[in-house]
Amino acid sequence: MKLTVIVPVYNVEKYLDECISSLISQTEDFDEIILINDGSTDRSGEICEKYYRQYANIKFINQSNKGLSATRNTGIRKAAGEYILFVDSDDYVTKTACAGIKKALRLKETEVLYYNAAVKYEIPVRESKNAYRHSLDLDGQYMTGMDYLEKAFPGQYTASACVAAYNKKFLNKNHIFFPEGIYFEDNYFSLRVMSEARTISGIRDATYRRRFRENSIVSGGVTEKKCEDLVIGQKLMWQYLAGSLAWNGRKELLCRFIAFGILHTFFQLAEFPDKDFTDGLKSQYAGLFFSYWHELFREENQNLGPDLAFLLILKEASKVLQKRGTAGWLSCQYPTEKQLYDELGYIKSRVHKQIFEKLLLLPLQKGKKVGIYGTGNHTRTLLKMYQSEIGQIQSELFFIVSSSKANQNFLNRRVITYKEIPKDADYIVISSLIHQQEMYENLLEQNIKKENICLLYTEQSVCDLVMAAWAIKE
């Protein structure tokens, strides 16, 4: 069994030695390492050539700048290995990466083998340290990609292409390549992989080391190009989903997947300062939604995430109506203003009801001693919503953080670490969706009983109360 590692390289001279060194210092060698210099203007090409001249298992391709997707696609076509791995040139892998992957594949070959990634932070980010870990349900198990998505999306799903080994025949048979010329290419690629894979499995090893650094694609801020590509990427995925037999009969998952994309696309577009520009994109996006998913989202028994996504789309439709009248795509869906505003009012009430029911479950009644894990915007929003929707908080509150370096006072109440939780605490509420899993593990480590931990979200939750509050106001 041969493994090929594909490394696209562009202006990363500061990190490239560490990346390539990790690939050639394995306990069991990778069979092929393809370094593709994508028109770098720094010393990256020279560094690649240096290693190419020293190691027989390294191939070197020098090309004019074509972008990350096109470079990875070149690597797929040139790869001689039975399995393909992608390593970004500012990241690296552990010494046992190849051995661990081959061991799992020798036990039983699958179309896709997932592994985990640990994160190296050089800049502050909003992502959880668990963002690149798959569900433990996948370790040593074998299932279809769709069955895994059903269980794990979005909480234990990552769209990163760099946390799996892919069978090359599987990719070629299903014509799975990266969409060229756009950002967020991993989203489409990973959707295709999950949808088409008949057998996937996973290993628990944190084989990959993901680096968050300044001046990368991820940290580079929101631009016009990124805003446009968000919508283009969603269109590509929606076109695929609408015609995919694998998604037939999975309405709940389909709503969840689409809603996640809508919420996060709108949220990211809101960060760009040129509102006229993003309003145009949101209008296009809403028009696409009505072409594909309107009837699906009108159905009853949705959960909060899909209803919030639908609310954002309907609000955008009302803006289009105010600006353009019933001209264009809107007239195809809403012959009258009343039809649109009736549906908008109904979805607003449905969202309000679901938020109320979620808040009603919180143990904030009189006589209870309750710790809120978190001292940030999630906790502020949670308490503010509770007081607005339910009423006065009557329990004795204290706040919990993971590190003693955090503030020792929050909302004029004491703050302690999770290792200092008093034994007479009745309940612990975890306020954050992003950090819920790691916070939950911290509490279990301190022998806090599961029945005393209040989780607001599940692995299938596509949004939190902060996003809900934002979407309602948007």
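The values are calculated or read from the model by the stated rules, or taken from the named source; none is laboratory data. Because the structure is a prediction, the values reported are computed rather than measured. Glycine gets a Cβ as well: all are built from the backbone with ideal geometry, and neighbour counts include every protein chain shown. For the accessible areas, the whole protein counts, side chains as well, though only heavy atoms, and no ligand, DNA or RNA atoms are used. Shrake-Rupley method; radii C 1.70, N 1.55, O 1.52, S 1.80 Å.
Note on region 1-97: Rg/Rh from C-alpha atoms, Kirkwood Rh, equals 0.92. For region 321-474, the orientation-averaged shadow of the C-alpha convex hull comes to 11.5 nm² (one quarter of the hull surface). With Cα atoms as the point set, region 386-474 shows a radius of gyration and Dmax of 14.2, 42 Å. Taking every full run of DSSP H in the chain, the ones that stretch at least 20 Å from end to end by Cα along their long axis and average 0.5 or higher on the Kyte-Doolittle scale are 251-269.
Starting from the Cα gyration tensor of the chain, take the square roots of the eigenvalues, sort them a ≥ b ≥ c, and report rounded, prolate or oblate (rounded when a/c is under 1.5, otherwise prolate if a/b is larger than b/c, else oblate). Oblate, since a/c reaches 1.5 and b/c is not below a/b. Surface exposure of region 1-119, expressed per residue as accessible area with a 1.4 Å probe, stands at 41 Å². In region 347-393 the Cα-Cα distances spread across 10 Å bins starting at 0 as 24, 54, 19, 2 percent of all pairs. Note down the Stokes-Einstein diffusion coefficient of region 191-319 in µm²/s, whole number, using a Kirkwood radius over alpha carbon pairs, 10 °C, and 1.306 mPa s. Once the numbers are plugged in, D ends up at 96 µm²/s.
Extension gain, Thr417 to Gln387, is 8.3 nm, computed as 0.36 nm per intervening residue step minus the present C-alpha separation.
Counting only residues at least eight positions apart within a chain, or on another chain, the lysines with an alpha carbon under 21 Å from that of Lys338 are Lys315, Lys319, Lys323, Lys348.
Surface analysis of region 265-317 yields an accessible area of 36 Å² per residue, using protein heavy atoms and a 1.4 Å probe. Computed as a quarter of the hull surface, the mean projected area of the alpha carbon convex hull for region 1-57 stands at 3.7 nm². Taking the convex hull of the alpha carbon positions in region 256-307 and averaging its projected area over all directions gives 3.7 nm². Note on Thr27/Lys78: beta-carbon distance plugged into 1/(1 + (r/R0)^6) with R0 of 45 Å gives a FRET efficiency of 0.95.
With 32 Å as the limit on Cα-Cα distance, the pairs of Lys120/Lys226; Lys151/Lys368; Lys384/Lys423; Lys78/Lys102; Lys173/Lys251; Lys50/Lys226 that go past it are Lys151/Lys368; Lys50/Lys226.
Size descriptors for region 14-159, from the alpha-carbon set: Rg then Dmax equal 16.7, 47 Å. When the Cα gyration tensor is reduced to axis lengths a ≥ b ≥ c, the ratio a/c is 1.5 or higher for region 111-203, and with a/b not above b/c it is classed as oblate. Surface composition of the chain: carbon and sulfur atoms hold 49% of the protein heavy-atom accessible area at a 1.4 Å probe. The trypsin sites (Lys or Arg not before Pro) found in region 390-474 that occupy coil by DSSP, while having at most 12 further C-beta atoms within 10 Å, are Lys405, Lys423, Lys449.
Hey, for a label at Ile472 modelled as a point 7 Å past Cα toward Cβ, could you say which residues of region 385-423 have their backbone N under 19 Å away? Within reach of a label on Ile472: 385-394. Taking 0.890 mPa s as the viscosity and 25 °C as the temperature, the Stokes-Einstein diffusion coefficient of region 162-259 based on its alpha-carbon Kirkwood radius rounds to 157 µm²/s. Length gained on full extension, Gln54 to Asp137, computed as 0.36 nm times the residue gap minus the Cα-Cα distance: 25.7 nm.
Based on C-alpha pairs under 8 angstrom that are at least 6 apart in sequence, the chain has a relative contact order of 13 percent.
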